[in-house]
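The values are calculated or read from the model by the stated rules, or taken from the named source; none is laboratory data. All values derive from a computational prediction rather than experimental measurement. Backbone-built Cβ (ideal geometry, glycine too); neighbour counts: all protein chains shown.
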Amino acid sequence: MDIIAIYGGWFIGLAALFGLYMTWGIGANDVANAMGTSVGSGAITVKQAIIIAAIFEFAGVVLAGGNVTETVRKGIVDHTVFIDSPELLIYGMLASLLAAGLWLMIASAKGWPVSTTHSIIGAVVGFALVGLGPDAVQWTKVWAIVASWVISPLVGGSIAFLIMISIRKLILNTDDPFQNAKKWGPIYVFFVGFLISLVTLFKGLKHLDIELTTLESFFWSAVIGGLVAFLGWYLIKDKQLDPEAEKDHKFDGVERVFAPMQVFTACAMAFAHGSNDVANGIGPLTAVVSIVESGGQVAQEAGLPLWILLLGGVGIVVGLSTMGYRVMKTIGKKITELTPTRGFSAELAAAATVVLASRTGIPVSTTHILVGAVLGVGLTRGIAALDMRVVGKIVLSWVVTLPIGAGLSALFFFILKAIFE
Amino acid sequence: MATTNPLGSLFGKNPFRSLQEHMRVAVECADMVPGLFAAAAEADVDAVERIKDQIFEKEAEADQIKNAMRHRLPRSLFLPVNRGDLLEILDVQDSIADVAQDIAGLLCEREMSIPEFLKGDVIPYVEACVGVCHRSLEIIEHFDELLEMGFRGREGERVEALIMELNLAEDVTDDMGMELSRKLFKHEDEMNPVSVMFWYRLIEWIGDLADYAEKVGNRLRLTIAK
């Protein structure tokens, strides 16, 4: 207990610094993936993407980020183990942030596709397992999370597959694809707003003291969906067919109608990303802060202090505007094959999947889900060539990231312990 | 920062675009064949030589595109069509350029002149065969729309209809070729026997232009039906 009293300020300061670094890294890498699709199709510029990211990542953290943060904070390690020595939990969380941050730095320098989520989860499990023994880990929760890393890209892929098929049925495979795109476009956009809102609102705003009944949740989601649909309608209503371009590519008009609709999926992706991935950075920070501020209590309920959310949001935006925009530009150029209809399908599917995971408090990888969603579009025979080696690389990065994250974090754990005791 | 980003490296180079580019070049080879016969009809040896060189150049360009495309089509790519079908279409397309080259080579090497009785019919025949090549190219240009539709639906039906027309156009060239061979048979005695032999071969090769063009369409049909 004394240690916490003496070094409390230090712990919070370090955790904030490491947490900021993590969110900066997430902003530099992950956000670019989440929104690169919309940039690549020309729906939004990089500058607009940064503005959208700033607003919606933040909204995602505040409105829907609590559950995943809680999971990282206290769902993976069994806090009852730490009642007598809460400082160990502080070392562990600091070590996890350090380990994940370091590993991400190495991996991105080498160009390995490593997930921030996998790094931090591996790290948290690692310090608990090595530092305190297998009993300190809540294995059922950990296995559920690991299973979700396989399932979530499959879910994203399936949804993307269905959306793409529906676009073909309702729009492309009709007498007048262009008019049908304008007719159905706002309805697709409605679903972007409706789905994201519903998942967020439905029993999800308790931390803001807002309790909505099922009916109310549906009502307000429909209202938000309606507003978004109106905006979508407004953006596409003046689109005209370009007969010249149409000669070259029959679905040119349809694609031009779908392009502005990707503004909404970009917002949804930023929101989804904020609600899930930001927790990787601020979850451990929250754990440290709540222990220090309560003077060593580990099992108590803790709300998310606003400054932590702000820090998470700021880290993301700074990461995106310092390095992420470059990643975004590169990705945008590489994924031109993802035309607006395809990109819309993939992004909507990915955003819905991620938000659903956030709602259930499961930390998932936004990037991997998006890869799954793109493969789902590919399964409709709709993408010219997909390099399946990426899937192998992702699996490999998994296999490597978990033990390395765990090992590094255990190492830092013992170092920190030695320093402070 | 390195860019081996999972999303960025997910997309392979679009092989259909290379296929279209290759077909355009192959058909450009075929496009020069009528001019070759026009020059031969006027016994303009220099012009024949010049056009031959152009065809050889284009054929080499087609080969380059073909090899580059084969190179970029590893088995790890997930394609919306069978990889083997795609490579076969490429091969058949390449045959169009090859045949154009063979025709140019033969006309040049043997300094072949066109017998009077064939003059009126050969060039229309060549043009008809090249026309079939153009129909085939038009079908290949539909790949973008096919892809957007997942090789099904209306776009698939439209392309199938175009392939039917392609087949009919090729049938017409078959008849023209037979007509030409019959004429040649009637005049065999008036000609140098070796020339007769090579003219039969030329008629066959000109017909091959249309044949391969038709095959391109038929191979493409397989990718739609699957």
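What is the one condition in (1) aromatic (F, W, Y); (2) at pLDDT below 95; (3) assigned to a helix (DSSP H, G or I); (4) closer than 17 Å to B:Q20 by Cα that B:F117 does not satisfy?
The number of the failed condition is (4).
Given (1) over 27 Å from A:V390 (Cβ atoms); (2) touching a residue at least 12 places away in the same chain (Cβ under 8 Å), where does A:G133 come up short, assuming only one miss?
(2)
Would you tally the residues in the range B:18-55 being closer than 20 Å to B:E214 by Cα and of a type outside the set (A, V, I, L, M)?
As a first pass, look at the range B:18-55 and keep what is closer than 20 Å to B:E214 by Cα: B:18-34.
Filter once more, so that each one left must be of a type outside the set (A, V, I, L, M): B:18, B:20-22, B:24, B:28-29, B:31, B:34.
Result for the range B:18-55: 9.
If I go through the range A:197-215 residue by residue, how many of them are over 25 Å from the mean Cα position of the chain (by Cα) and touching a residue at least 12 places away in the same chain (Cβ under 8 Å)?
Within the range A:197-215, residues that are over 25 Å from the mean Cα position of the chain (by Cα) and touching a residue at least 12 places away in the same chain (Cβ under 8 Å) number 1.
Out of all the residues in the range B:51-69, which are surrounded by 15 or more Cβ atoms within 10 Å (Cβ to Cβ) and not aliphatic (A, V, I, L, M)? Write out each step before concluding.
Let us first name the residues in the range B:51-69 that are surrounded by 15 or more Cβ atoms within 10 Å (Cβ to Cβ), namely B:51-52, B:54-56, B:58-59, B:61-63, B:65-66, B:69.
Scanning the range B:51-69 gives B:K52, B:Q54, B:F56, B:K58, B:E59, B:E61, B:D63, B:K66.
What residue, of A:L89, A:L104, A:L132, A:L98, is in contact with a strand residue (DSSP E or B) (Cβ under 9 Å, 6 or more places away or on another chain) and surrounded by 23 or more Cβ atoms within 10 Å (Cβ to Cβ)? Walk me through it before giving the result.
Numbers: A:L104 fails: in contact with a strand residue (DSSP E or B) (Cβ under 9 Å, 6 or more places away or on another chain); A:L132 fails: surrounded by 23 or more Cβ atoms within 10 Å (Cβ to Cβ); A:L98 fails: in contact with a strand residue (DSSP E or B) (Cβ under 9 Å, 6 or more places away or on another chain).
Result of the check over A:L89, A:L104, A:L132, A:L98: A:L89.
Regarding B:F56, is this residue in contact with a Phe, Trp or Tyr (Cβ under 8 Å, 6 or more places away or on another chain), of a type outside the set (D, E) and in a helix (DSSP H, G or I)? Let's see the steps before the verdict.
Working: in contact with a Phe, Trp or Tyr (Cβ under 8 Å, 6 or more places away or on another chain): no; of a type outside the set (D, E): yes; in a helix (DSSP H, G or I): yes.
No, not satisfied.
Given the criterion over 30 Å from A:W139 (Cα atoms), more than 14 Å from every other protein chain (Cβ to nearest Cβ) and out of contact with any Pro (no Cβ under 7 Å at 6 or more places or on another chain), identify the matching residue among A:A53, A:A16. Break it down into steps so the answer makes sense when it comes.
Working: A:A16 fails: over 30 Å from A:W139 (Cα atoms).
Among A:A53, A:A16, only A:A53 is over 30 Å from A:W139 (Cα atoms), more than 14 Å from every other protein chain (Cβ to nearest Cβ) and out of contact with any Pro (no Cβ under 7 Å at 6 or more places or on another chain).
Which one is nearest to A:L416 (Cα to Cα) among residues in the range A:27-48 that are surrounded by 18 or more Cβ atoms within 10 Å (Cβ to Cβ) and more than 14 Å from chain B (Cβ to nearest Cβ)?
A:V46
Quick check on my filter: what residues within the range B:71-95 are within 26 Å of A:T380 (Cβ to Cβ) and either small (G, A, S) or loosely packed, with under 14 Cβ neighbours inside 10 Å (or both)?
Passing the criteria: B:P74, B:R75, B:S76, B:N82, B:G84.
If you check B:D174, B:D144, which single one turns out to be assigned to a helix (DSSP H, G or I), touching a helix residue (DSSP H, G or I) at 6+ places or on another chain (Cβ under 8 Å) and either surrounded by 19 or more Cβ atoms within 10 Å (Cβ to Cβ) or among the small types (G, A, S) (or both)? So that I can check it myself, show each step before the final result.
On the way: B:D174 fails: either surrounded by 19 or more Cβ atoms within 10 Å (Cβ to Cβ) or among the small types (G, A, S) (or both).
On inspection, the qualifying residue turns out to be B:D144.
Which one is farthest from the other protein chains (Cβ to nearest Cβ) among residues in the range B:1-44 that are touching a residue at least 60 places away in the same chain (Cβ under 8 Å) and outside any helix (DSSP H, G or I)?
By that ranking, first place goes to B:A43.
Could you check the range A:63-85 and list, in sequence order, the residues that are β-branched (V, I, T) and part of a helix (DSSP H, G or I)?
A:V68, A:T69, A:T71, A:V72, A:T80, A:V81 - these are the residues of the range A:63-85 that are β-branched (V, I, T) and part of a helix (DSSP H, G or I).
Does the range A:383-394 contain at least one residue that is within 14 Å of chain B (Cβ to nearest Cβ), within 13 Å of the chain's Cα centre (by Cα) and buried (at least 19 other Cβ atoms within 10 Å of the Cβ)?
No, the range A:383-394 contains no residue that is within 14 Å of chain B (Cβ to nearest Cβ), within 13 Å of the chain's Cα centre (by Cα) and buried (at least 19 other Cβ atoms within 10 Å of the Cβ).
Any idea which of A:G324, A:G281 is under 30 Å from A:G185 (Cβ atoms) and outside any loop (DSSP other than H, G, I, E, B)?
Numbers: A:G281 fails: under 30 Å from A:G185 (Cβ atoms).
Answer to the selection: A:G324.
The rows are residues; the columns are (1) more than 30 Å from A:V395 (Cβ to Cβ); (2) within 17 Å of the chain's Cα centre (by Cα).
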| residue | (1), (2) |
| --- | --- |
| B:N5 | no, no |
| B:F16 | no, yes |
| B:A30 | yes, yes |
| B:R75 | no, no |
| B:I89 | yes, yes |
| B:V99 | yes, yes |
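Is it the case that some residue within the range A:209-231 is of a type in the set (F, W, Y), under 16 Å from A:A181 (Cβ atoms) and outside any loop (DSSP other than H, G, I, E, B)?
In the first step, residues of the range A:209-231 are kept if they are of a type in the set (F, W, Y); the result is A:218-220, A:230.
Now narrow it down to the ones that are under 16 Å from A:A181 (Cβ atoms): none.
No, the range A:209-231 contains no residue that is of a type in the set (F, W, Y), under 16 Å from A:A181 (Cβ atoms) and outside any loop (DSSP other than H, G, I, E, B).
Determine the pairs where a residue that is in contact (Cβ under 8 Å) with a residue 60 or more places away in the chain and closer than 18 Å to A:L375 by Cβ, located within the range A:162-176, has a partner that is in a helix (DSSP H, G or I) and of a type in the set (V, I, T) with Cβ atoms under 8 Å apart, the partner being 6 or more residues away or on another chain.
Listed pairs, sorted by first residue: A:M164/A:T341; A:M164/A:V377; A:I167/A:T341.
I need every pair where a residue in the range A:316-337 that is away from every other protein chain (no Cβ under 11 Å) has its Cβ under 7 Å from the Cβ of a residue that is of a type in the set (S, T, Y), sequence separation at least 6 or different chains.
Going by the 7 Å Cβ cut-off, the qualifying pairs are A:I316/A:T23; A:G319/A:T23.
Can you go through A:G378, A:G405 and tell me which one is crowded, with 24+ Cβ neighbours inside 10 Å, in contact (Cβ under 8 Å) with a residue 40 or more places away in the chain and part of a helix (DSSP H, G or I)? It would help to see each step written out before you state the result.
Numbers: A:G378 fails: in contact (Cβ under 8 Å) with a residue 40 or more places away in the chain.
Only one candidate qualifies: A:G405.
Please determine whether any residue of the range B:150-162 is part of a helix (DSSP H, G or I) and more than 14 Å from chain A (Cβ to nearest Cβ).
yes
For the condition part of a helix (DSSP H, G or I), within 14 Å of another protein chain (Cβ to nearest Cβ) and touching a residue at least 40 places away in the same chain (Cβ under 8 Å), what is the one hit in A:E246, A:E255?
Working: A:E246 fails: touching a residue at least 40 places away in the same chain (Cβ under 8 Å).
From the options A:E246, A:E255, the qualifying one is A:E255.
Can you tell me which condition A:Q179 does not meet? The list is (1) modelled with pLDDT under 90; (2) more than 20 Å from the chain's Cα centre (by Cα), and all the others hold.
Checking A:Q179 against (1) modelled with pLDDT under 90; (2) more than 20 Å from the chain's Cα centre (by Cα), the one that fails is (1).
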